[in-house]
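The values are calculated or read from the model by the stated rules, or taken from the named source; none is laboratory data. These numbers were taken from a predicted model, which means no experiment stands behind them. Note that we place each Cβ from the backbone using ideal geometry, even for glycine, and neighbour counts take in every protein chain shown. Protein only, heavy atoms only, side chains kept; ligands, DNA and RNA dropped before computing areas. Shrake-Rupley method; radii C 1.70, N 1.55, O 1.52, S 1.80 Å.
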Amino acid sequence: MALTSTTSPQGSSSKEIPSTDTLLADLHVQYIQNLGKSTSDLTYHLTAHLRLNAIYWGYTALRIMGRGDALDRDEMIDFVMRCWDDAEGGFAAHPGHDAHLLSTLSAIQILIMQDALDRIDVERVVKFILSLQAPSGVFMGDKWGEEDTRFLYCAVSALSLLSSLHLLDQERTVQYLIDCKNYDGGFGSVIGAESHAARVFVCVGALAILGRMDVVDEETLGWWLAERQLPNGGLNGRPEKLEDVCYSFWVLSAMAILKKVGWIDEKKLVAFILSAQDPEGGGIADRPGDMPDVFHTLFGVAGEWILCF
């Protein structure tokens, strides 16, 4: 991965506009650092329901770029712990909100990366996760009952990270994933839903963690994923949809598990990811010309990182 500095050469009197044919790492680091400083902006408060997840996205992007020290460790851990929902035994996306599987997984991932997992009551978290499995085998995101294969993946991933996967009803979990498989080899959000690249990742990812890749039609799914690449190099989530930088991660991660990354044009995809960078303020957008956000910044950086290995 090519990392470029965004500072002007010594002695230069004019402002240098960074090239977008390389990853503008310094700018992206600054962009992520500045996100938490805009507390007076309306957008900051409207996105409170994603706060903990956004911290995970930003911090993970920094780690990939080799700048995990760019955010204050103690401040981050303190925020994570303030998101603890003692009544439920899980983590919310923001202090005072309800616990949710997605934010619980983000909390676990952050604490592991910060070597602070000992701050949580693992037994209570595991109990919270297992309580959300429905009779069908799928998981609910929280006590309000929304079911989705995304939440199933969150549960499997979190339990694996907590060394508690043996407590999961794995047969029932795998059977639900099998029931979500479609004729094109892909997977949907629930049984009967159309195949979607992000759902393919969570289903294949869960099956990989569970050691059950035998139920995946790898050749058919590999072709379906490869067909997500459009002429401009970007990837979409399903047929007849626009390209989006985030699928650089969802599609590539699934293809990496299948060992079929080489089935797409890697150079064209890298060029598309880099073209979606903001060369002035930093960050990566869903596609060139749009406003950057931390979600697409992470998945753009992660997508290029996958292509380096």
Problem set entry | Subset of the stretch 49-98 that is of a type in the set (A, V, I, L, M, F, W, C), under 19 Å from the mean Cα position of the chain (by Cα) and closer than 19 Å to K143 by Cα - its residue that is surrounded by the fewest Cβ atoms within 10 Å (Cβ to Cβ) | L50
For this session: Within the stretch 228-241, identify whether any single residue is out of contact with any helix residue (DSSP H, G or I) (no Cβ under 9 Å at 6 or more places or on another chain), part of a helix (DSSP H, G or I) and open to solvent by 10 Å² or more (accessible area, probe 1.4 Å), and answer yes or no.
Result: no
For this session: Could you grab me the full set of residues in the stretch 98-129 that are touching a Ser or Thr at 6+ places or on another chain (Cβ under 9 Å) and β-branched (V, I, T)?
Result: I108, I110, V122, V125, V126, I129
Exercise. Where residues in the stretch 132-159 are among the aliphatic types (A, V, I, L, M) and surrounded by fewer than 20 Cβ atoms within 10 Å (Cβ to Cβ), which of them is farthest from S195 (Cα to Cα)?
Worked result: A134
Exercise. So, of the residues in the stretch 80-100 that are part of a strand (DSSP E or B) and not small (G, A, S), which turns out to be farthest from L117 (Cα to Cα)?
Worked result: D85
For this session: Output yes when any residue across the stretch 105-112 is over 16 Å from A54 (Cα atoms), among the hydrophobic types (A, V, I, L, M, F, W, C) and at pLDDT 95 or above, and no when none is.
Result: yes
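To keep it simple, each residue is scored yes or no on (1) more than 13 Å from M255 (Cβ to Cβ); (2) open to solvent by 10 Å² or more (accessible area, probe 1.4 Å); (3) modelled with pLDDT under 95; (4) not aromatic (F, W, Y).
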{"residue": "V174", "(1), (2), (3), (4)": "yes, no, no, yes"}
{"residue": "D184", "(1), (2), (3), (4)": "yes, yes, no, yes"}
{"residue": "G192", "(1), (2), (3), (4)": "yes, yes, no, yes"}
{"residue": "H196", "(1), (2), (3), (4)": "yes, yes, no, yes"}
{"residue": "G205", "(1), (2), (3), (4)": "no, no, no, yes"}
{"residue": "R212", "(1), (2), (3), (4)": "yes, yes, no, yes"}
Problem set entry | Residue count, the stretch 282-298 (criterion: open to solvent by 40 Å² or more (accessible area, probe 1.4 Å) and either within 18 Å of L62 (Cβ to Cβ) or outside any loop (DSSP other than H, G, I, E, B) (or both)) | 2
Problem set entry | Filter result for S106 (among the hydroxyl-bearing types (S, T, Y), under 21 Å from the mean Cα position of the chain (by Cα) and within 18 Å of V156 (Cα to Cα)) | yes
Exercise. Would you pick out the residues in the stretch 258-281 that are in contact (Cβ under 8 Å) with a residue 60 or more places away in the chain and either charged (D, E, K, R) or open to solvent by 20 Å² or more (accessible area, probe 1.4 Å) (or both)?
Worked result: A271, S275, D278, P279, E280, G281
Exercise. Cβ-Cβ below 7 Å, separation at least six or inter-chain, first residue in the stretch 179-196 and on the phi > 0 side of the Ramachandran plot, second surrounded by fewer than 21 Cβ atoms within 10 Å (Cβ to Cβ) and among the β-branched types (V, I, T): which pairs?
Worked result: G185/T220
Exercise. Looking at (1) surrounded by 15 or more Cβ atoms within 10 Å (Cβ to Cβ); (2) within 20 Å of the chain's Cα centre (by Cα); (3) aliphatic (A, V, I, L, M), which is the one condition that is false for V216?
Worked result: (2)
Problem set entry | Subset of the stretch 205-219 [assigned to a helix (DSSP H, G or I) and within 16 Å of Q170 (Cβ to Cβ)] | G205, A206, L207, A208, I209, M213, D214, V215
For this session: Report, by residue number, each residue of the stretch 1-35 that is open to solvent by 50 Å² or more (accessible area, probe 1.4 Å), under 22 Å from the mean Cα position of the chain (by Cα) and at pLDDT 70 or above.
Result: D26, Q30, Q33, N34, L35
Exercise. Would you call Q170 in contact with a strand residue (DSSP E or B) (Cβ under 8 Å, 6 or more places away or on another chain), under 30 Å from A116 (Cα atoms), surrounded by 15 or more Cβ atoms within 10 Å (Cβ to Cβ) and not aromatic (F, W, Y)?
Worked result: no
